[in-house]
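Participant: Sharing a structure here in structure tokens format.
Throughout, read-outs are computed from the coordinates displayed, never taken from laboratory work. Remember, predicted model here, so these are calculated numbers, not experimental data. We place every Cβ from the backbone using ideal geometry, glycine too, and count neighbours over all the protein chains shown.
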Amino acid sequence: MRSKLKKITLMHPAPFDIAGDRQVGLSRELFPLATLALLLMMAGCNGESTDTHVVQQSIPLIKHGSDEVVNKINRLKNIAAERGSVHLIVGLRTRFAPEGELSTRQVAIQRAEIARTQSAILTQMDSLGQRSAKLFTFIPYMAIEADPTELDKLLTLHEVVTVEEDRLAAPVDAPSDAIIGAVTVWGAGFSGLGQNIAILDSGVDKNHPFLAGKVIAEACFSTNNAADGATSACPGGVAQSTATGSAMPYSGACPAGACDHGTVVAGIAAGTSASFSGVARDAKIIAVQVFSVFNSIANCGSSKPCALTYTSDQILGLQQVYALSRSYPIAAVNMSLGSGQYFDQGSCDAANASIKAMIDTLRSVNIPSIIASGNAGYKNSMAAPACISTAISVGATFNVAGYNNNCAGNNLGISSVDAILCESNSASFLSLLAPGAQITSSVPGGTYVAWFGTSMAAPQVAGAWAIMKQKNSVLGVDAGLNALSATGIPITDPRNGIVKPRIQIDLALTVI
């Protein structure tokens, strides 16, 4: 709990001191408004601008007359009235561009403007002092919880340009290395050596033999909220931690079996053993735990506790990866999680603008966000955040024959190698395919299990990206995607006739 807030000092994320797992950055007072105005004027005089994203005319949201905005506001008001409060991600009326596109001076100006606007909102919404806000440093958004009265007031503020619900997402549930050409490139000396893969998931068991010595940095971002039945999965129940062990899957409140997913994903991307390995067997792992534990039937579908993740915690996790990119070569981010259904990227981008801004920021420094398309069996749509136009979305194929491939309303018979997995979401805007069934990988406690799903396909692509970045450390996201797309094996989805490339990393390396 914190007292009512009149002035904020933000901690700007900085590289970690691995020996002590502490932030080495210093907190600093927010730029006064007069200083900010002077800096903005100076930037303009030198031809510098952060006007990549145009800020809308200063009209409070409550006065917008479009049906889309009115419907969104009414839905949020209904949620607040029904539950007593609503979790929001608030878009700030500031200029914004991904930091990789800006000069050092522009970055400082943009961050100061974001911080000033966050402070202005919290000062006007002083009742929020009793509940913690999540303040994002690199993108013009913040996450808050508002009751009906606070929501009404928030919609009148000129500093607020958008509001979206802080939605919940769930995990998107024989080795495939030979099929995708990983074994071949290992023999040529490309195994992800010197690269790191960030795993945003339910934690990574770094003590598993398959992942021994792999985890080079850890973090946890989770939420405590009694109204939602949410409990932080971080050690000690804190909301954030970067201490040693903070991303261990069962160091907090997560019940047995609910937080295995991240260890499986990490093993597929970069695990190694004497008998078999993940795709980038010599890459390292940055483990970021972003899930919370829920015990409500409304969220879990049963009385059994489950692990789900707020969008705001995912953004904090991506922000941490961006901060660490100053110290470590990060090949890719893997997010095997998702929710919702989107039929086109335009509506997906609009509904998920906050996390898209962070994905864009990572992309501006050549770090792709590789995301599972989802396991609902959709034939013309995907889950978020995979549907975001600047993400790399991944669907799943079989790497083995002879399995029942009838599920989610899709009757595809018995599997063959490279058959589309029946539950894999598909759409014209899907980026890539990769093996997702059946994939054997690590689970917490030192054992191994075979898993099926797009969650297993996405880390295959993340591992492939680490191999490509070993060969070309400055590989751009567009160039990497083009290489995998142009050299992939074309697979036709029998449900919709859409043809997409199944990655073939040995061939992709030939065009890097």
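Participant: Would you pull out the residues with amide H under 5 Å of residue 407's amide H, same chain only if 5 or more places away, H placed 1.01 Å from N?
Facilitator: Distant-sequence amide H within range of residue 407: 412.
Participant: Using Cβ contacts closer than 10 Å as the measure, can you line up 309, 454, 361 from fewest to most?
Facilitator: By the 10 Å Cβ count, ascending, the order reads 361, 309, 454.
Participant: At a Förster distance of 45 Å, what's the computed FRET efficiency of residue 492 paired with residue 158, Cβ-Cβ distance as r, to 0.05?
Facilitator: Efficiency, from the Cβ-Cβ distance: 0.30.
Participant: OK, next. Remind me, relative contact order of region 229-387 in percent, using alpha carbon pairs under 8 angstrom and six or more residues apart?
Facilitator: About 17 percent, as a whole number.
Participant: Calculate the spin-label point distance for residue 149 paired with residue 104, positioning each point 7 Å from the Cα along the beta-carbon direction, and give it in nanometres.
Facilitator: The modelled label-to-label distance comes out at 4.9 nm.
Participant: Which distance in nm do the two modelled labels at residue 478 and residue 212 give, with both placed 7 Å along the Cα-to-Cβ direction?
Facilitator: 4.5 nm
Participant: Next question, about the same structure. With a 10 Å Cβ neighbour count serving as the proxy for reagent exposure, in which order, fewest first, do 403, 310, 250 appear?
Facilitator: The fewest-first ordering by Cβ neighbours comes to 403, 250, 310.
Participant: Next question. What is the magnitude of the charge dipole of the chain about its Cα centre, with +1 placed on the Cβ of each Lys and Arg, -1 on the Cβ of each Asp and Glu, and no other charges, expressed in debye to the nearest 20?
Facilitator: Computed charge dipole of the chain: roughly 560 debye.
Participant: In whole Å, what three semi-axes, largest first, describe the equivalent ellipsoid of region 293-432 built from its Cα gyration tensor (square root of 5 times each eigenvalue)?
Facilitator: 27, 20, 15
Participant: Collect residues whose amide H, placed 1.01 Å from N in the peptide plane, falls under 5 Å from the amide H of residue 247; neighbours closer than 5 in sequence don't count.
Facilitator: When sequence neighbours closer than 5 places are left aside, the close amide H contacts are 219.
Participant: Taking the dipole about the Cα centre of region 110-243, with the C-beta of Lys and Arg at +1 and of Asp and Glu at -1, give me whichever of 207, 220, 191 is farthest to the positive side.
Facilitator: Going by the charge dipole, the pick is 191.
Participant: Give the calculated FRET efficiency between residue 389 and residue 183 to the nearest 0.05, with a Förster radius of 56 Å applied to their Cβ-Cβ distance.
Facilitator: Result of the calculation: an efficiency of 0.95.
Participant: Mind checking the alpha-carbon convex hull of the chain and giving the volume per residue in Å³?
Facilitator: 144 Å³
Participant: So, in Å, what gap is there between the alpha-carbon centers of region 334-361 and region 380-435?
Facilitator: One Cα centre to the other: 18 Å.
Participant: Placing +1 on the Cβ of each Lys and Arg and -1 on the Cβ of each Asp and Glu in the chain, which of 400, 149, 80 has its Cα farthest towards the positive end of the resulting dipole?
Facilitator: 149
Participant: Sum -39500 (n - 2.57) across every DSSP H segment of at least 4 residues in the chain, then divide by the residue count to get the 222 nm mean residue ellipticity, nearest 500.
Facilitator: -8500 deg cm²/dmol
Participant: Right, next: If you restrict to DSSP beta bridges whose two residues both lie in region 169-509, what percentage is antiparallel, to the nearest 5?
Facilitator: Just about 50 percent of them are antiparallel.
Participant: Exposure proxy check: 336, 327 ranked by fewest other beta carbons within 10 Å?
Facilitator: 327, 336
Participant: Could you give each residue of region 294-301 its phi-based ³J(HN,Hα) in whole Hz, using Karplus coefficients 6.51, -1.76, 1.60 with θ = phi - 60°, and x for Gly or Pro?
Facilitator: Result, rounded to whole Hz: 10, 10, 9, 4, 4, 8, 9, x.
Participant: Tell me, what is the percent relative contact order of region 376-512, built from C-alpha pairs under 8 Å that lie six or more residues apart?
Facilitator: 23 percent
Participant: Using the alpha-carbon centroid of each, what span in Å lies between region 453-512 and region 253-301?
Facilitator: 22 Å
Participant: Which value in nm describes the separation of the simple spin-label points at residue 67 and residue 295, placed 7 Å from the Cα toward the beta carbon?
Facilitator: 4.4 nm
Participant: Name the residue farthest towards the positive end of the dipole of the chain from the options 347, 366, 496, assuming +1 on Cβ of Lys and Arg, -1 on Cβ of Asp and Glu, about the Cα centre.
Facilitator: The residue sitting most towards the positive pole is 366.
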